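All remarks here apply to the structure that follows.
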Amino acid sequence: MANVEVMNEIEAKASGLGVDLSIIDLDSIHLPPGEDFGVISDDDDVYQEENQEFDTGFGNIIVVDNLPVVPREKFEKLEGVIRKIYSQIGTIKEGALWMPVDPATEKTLGYCFIEYDTPQEAELAKEKTQGYKLDRSHIFSVNMFDDFDRFMRVPDEWAPPETKPYAPGENLQHWLTDAKARDQFVIRAGSDTEVLWNDARHLKPDPVYKRTFWTESFVQWSPLGTYLATIHRQGAAVWGGASTFNRLMRYAHPQVKLIDFSPGEKYLVTYSSHEPSNPRDANRVLINIFDVRTGKVMRDFKGSADEFAIGGTGGVSGVSWPIFRWGGGKDDKYFARLGKNMISVYETETFSLVDKKSLKVESVMDFSWSPTDPILALFVPELGGGNQPARVSLVQIPSKEELRQKNLFSVSDCKVYWQSNGDYLAVKVDRYTKTKKSTYTGFELFRIKERDIPIEVLELENKNDKIIAFAWEPRGHRFAVIHGDTPRPDVSFYSMRTAQNTGRVSKLITLKGKQANALFWSPGGRFIILAGLKVLNGQLEFFNVDELETMATAEHFMATDIEWDPTGRYVATAVTSVHEMENGFNIWSFHGKLLYRILKDHFFQFSWRPRPPSFLSAEKEEEIAKNLKKYNKKYEAEDQDVSMLLSEQDREKRRMLKEEWDKWVSEWKRLHDEDKLARQQLRDGEASDEEEEYEAKEIEIEEVVDVTEEVLPFDYGHEGLNVL
């Protein structure tokens, strides 16, 4: 998207200068040596590595050993097999797959040379096919051609390696120690990517780091905020720090389109889709799972796009993303994908299937992990024309034991919502009426942490109400539902607890006729934004669920996105370049006060930097809560200082504006005085600047300019003429 915008800017500039780009050979344009015209390349070190490798001439060549030794009549077949394996990884140059032949026997020598377009592709091919088992007798041994030259230079006598002094790197969590307890966010606008502090006290963002052409599509924070990932043609990269944002690791994956981190940031999943040589074939998909710290490929998956499209649509070319869903909390112990009549669950110790086989579930349509425990919730639709009911099952991993099952009848659709602590599970069930001509919606509520996992059914007062949105309170026991007809549906709040602790769900309140189609809970719970996005033009209502009262109503016209900061103190609303007008973002307080507004042309992305869980113990947090008033005094004093500073700055601004005005008035009077003589001459010597020096008189003069006499004929016989 950014490349398209930049190209549009170039074309517009060329049009304004009267330059026809179609007749210019852009490849013939070369920058002067050492000149970058202010555009710093992300890949300077890559180009340097490539140049060094091309100086030796063999940086993009691999040697594959332990191939079958075959006669000339089988030469073409073997070459086809090798080419098929290695062309999936990168582009092999024309005529650049060579298998030497023994002149005496006219048989191959059991190894071959393969030359790729780039050294990165050669490195990836070596990494992916080392130890590849062609058959029982032939297991590939792959080396870079340059390695042979290095091996030949190994000295005969061993010498201890040079010991380098330890150089500590930047603490990647240092940004959490900000003295002002601020949060960071990243924005993308045009070709620029910026990381900024949210300095809400001073009512403005504070710049941290800015880079042009930092990514080719989007950026993405890791779940705990340690890394910022960027996307490039050669693959993905991660960056870290509080202010420097040095590149920490690259992950070679040509034409990567999508990425996803594991919840604990240990692994990075990358995805690419490649067009087949035969147009009738489906796109080929490559998925790599990297170790984030080492950059090593832990496992890869290949197949057609159709194989990875099961379970919904989204992502790229109909592929449901993320294809692999991570479970088991922050340990990154398990991940799973949906297949035909099965769920494949892998463990990260060996990156193989749990129990070496998939979980067989006939016609399984969807699944999701508990956010905190290795428990799968899976949905199976009705089978046999309704003779076999739909069901929702809870399955424990790795034992694959079914913990709970609920049969559902006359089901048209089903959707699962986990509460963030894994305490509750809500299953929204759309059911057919007896006539099958319409549907109605209800909820099956699972209490996961209670004995035998009891299930409660919740139906709305009006069964025919359409469910527009549902959201659990983070780390809480309440949930909100938008139901009814747009543009003014109702919003209801429920609690899984009651005053008598009877274990029954209870309704807290229903707000009638709200302009809302989306719900955004604060990360700490308690506060929620009832938002009317897109067609509802950015209506915002800040609601306190503890007090069941509205704190503020506001509007961010044409808002497309809303995101709370990780502490729940501030919230951002944004208008991205889906709309061409009013692009930019607003920062609000949790109770709905607009703090500041930033407008940006071609604004694409806003994302808060996530925070890891608190490092404080439960006892320390309890102690802070008890002594909150003591801490309040310190921060209230700081807030007062900032307020006084802002007031002083405001007064200084007004003083400067008044001085500028007085200066302009003085200059105008000086010019007026200089022109006094000229004005007097224009008035025949009359000095009439002052009102009392002259008297204004109005004189009316009438003058006959011309007189014309004309005789008009009159027809007495005209019908309808009445003469009185």
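The values are calculated or read from the model by the stated rules, or taken from the named source; none is laboratory data. For clarity, every value in this text was computed on a predicted model and none was experimentally measured. All Cβ positions, even for glycine, are placed from backbone atoms using ideal geometry, and neighbour counts span all protein chains on display. Calculation scope for accessible area: heavy atoms of the full protein, side chains included, ligands and nucleic acids excluded. Shrake-Rupley method; radii C 1.70, N 1.55, O 1.52, S 1.80 Å.
Some values worked out for this structure:
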read-out: Local net charge near ILE482, Cβ-Cβ under 13 Å (Lys/Arg +1, Asp/Glu -1); value: +1
read-out: Entries of LYS466/LYS512; LYS340/LYS428; LYS357/LYS415; LYS514/LYS593; LYS415/LYS507; LYS128/LYS357 with Cα pairs more than 25 Å apart; value: LYS357/LYS415
read-out: At most 16 other Cβ within 10 Å, DSSP loop - trypsin sites (Lys or Arg not before Pro), the range 444-501; value: LYS449, ARG451, LYS463, LYS466, ARG475, ARG497
read-out: FRET efficiency, 1/(1 + (r/R0)^6) with R0 45 Å, evaluated for THR212 and LEU403 via beta carbons; value: 0.30
read-out: Radius 11 Å from Cβ of CYS112, net charge of other residues (Lys, Arg +1; Asp, Glu -1); value: -2
read-out: Förster radius 25 Å - calculated FRET efficiency between ALA104 and ILE139 (Cβ-Cβ, nearest 0.05); value: 0.40
read-out: C-alpha center-to-center spacing [the range 121-187, the range 576-654] in angstrom; value: 40 Å
read-out: Restraint check, LYS84/LYS302; LYS180/LYS630; LYS333/LYS449; LYS84/LYS126, Cα-Cα greater than 19 Å; value: LYS333/LYS449
read-out: Helix-derived mean residue ellipticity, 222 nm - over the chain, DSSP H n ≥ 4, -39500 (n - 2.57), to 500; value: -5500 deg cm²/dmol
read-out: Residues of the chain: accessible area per residue with a 1.4 Å probe, Å²; value: 60 Å²
read-out: Gain upon complete extension [LEU628, GLU549; 0.36 nm per residue less C-alpha separation]; value: 26.0 nm
read-out: The chain: angle of helix 44-56 to the longest principal axis, Cα-based, in degrees nearest 10; value: 40 degrees
read-out: Protein-only accessible surface order, largest first, of LEU530, LEU403, LEU172 at 1.4 Å; value: LEU403, LEU172, LEU530
read-out: Order of exposure, largest accessible area first, which applies to HIS483, HIS174, HIS602 with probe 1.4 Å; value: HIS174, HIS602, HIS483
read-out: Euclidean distance of C-alpha centroids, the range 534-559 and the range 217-257, integer Å; value: 34 Å
read-out: Tilt relative to the chain, helix 2-17 - C-alpha long axis, 0 to 90 degrees, to 10; value: 50 degrees
read-out: For LEU712, solvent-accessible area (1.4 Å; no DNA, RNA or ligand), Å²; value: 130 Å²
read-out: Under 21 Å from LYS626, Cα to Cα: lysines that are on another chain or at least 8 residues apart; value: LYS634
read-out: Net charge of Cβ neighbours under 11 Å - reference LEU383; Lys, Arg +1; Asp, Glu -1; value: -1
read-out: Extension reserve of the ILE701-GLU621 stretch, reckoned as 0.36 nm per residue once the Cα distance is removed; value: 19.5 nm
read-out: Accessible area in the full protein assembly, largest first, 1.4 Å probe, for ARG683, ARG609; value: ARG683, ARG609
read-out: Within the range 532-651, percent of DSSP bridges classed antiparallel, to nearest 5; value: 100 percent
read-out: DSSP-loop trypsin sites (Lys or Arg not before Pro) across the range 390-429, with at most 15 other Cβ within 10 angstrom; value: LYS400
read-out: Gyration tensor (alpha-carbon) shape descriptor, the chain, a/c threshold 1.5; value: prolate
read-out: In degrees, nearest ten, helix 75-87 long axis to first principal axis of the chain (Cα); value: 40 degrees
